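FYI, it's all coordinate maths here, none of it is from the lab. These numbers were taken from a predicted model, which means no experiment stands behind them.
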């Protein structure tokens, strides 16, 4: 089966469920994820050192907040680029996909 992409889709969304992200966004996401990775390693170290529970909980909350910020950026990019393009092509079923995705985030 041959698929035809519209002009804007080549930049934002590709077939086979991949997304081409702008370099600036990719770098920002990787930077944030590197911070989260460091936070998780730090939390693991706190557990190994028997750190005070409240301190560990505070760090867990900070890591969750950092992951939420990554989720927000990915979701925003998904809506603005991938979903908009699919809706323009008449693929309205992506709205159902979005609802499921938002449900997972909530």
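Table for the structure above
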| quantity | calculated |
| --- | --- |
| Fluctuation leader among 53, 82, 35 - the chain, Gaussian network, Cα springs under 10 angstrom | 53 |
| Convex hull per residue volume in Å³, alpha carbons only, for segment 56-97 | 48 Å³ |
| Cα gyration tensor shape for the chain, rounded if a/c is under 1.5, else prolate or oblate | prolate |
| With Cα atoms, 0 to 90° folded angle of helix 53-77 axis to the chain main axis | 10 degrees |
| Helical mean residue ellipticity (222 nm; -39500 (n - 2.57) per DSSP H run of 4+; nearest 500) of the chain | -22000 deg cm²/dmol |
| In degrees, nearest ten, helix 94-105 long axis to first principal axis of the chain (Cα) | 0 degrees |
| Nearest-ten-degree value, helix 23-48 long axis tilted from longest Cα axis of the chain | 30 degrees |
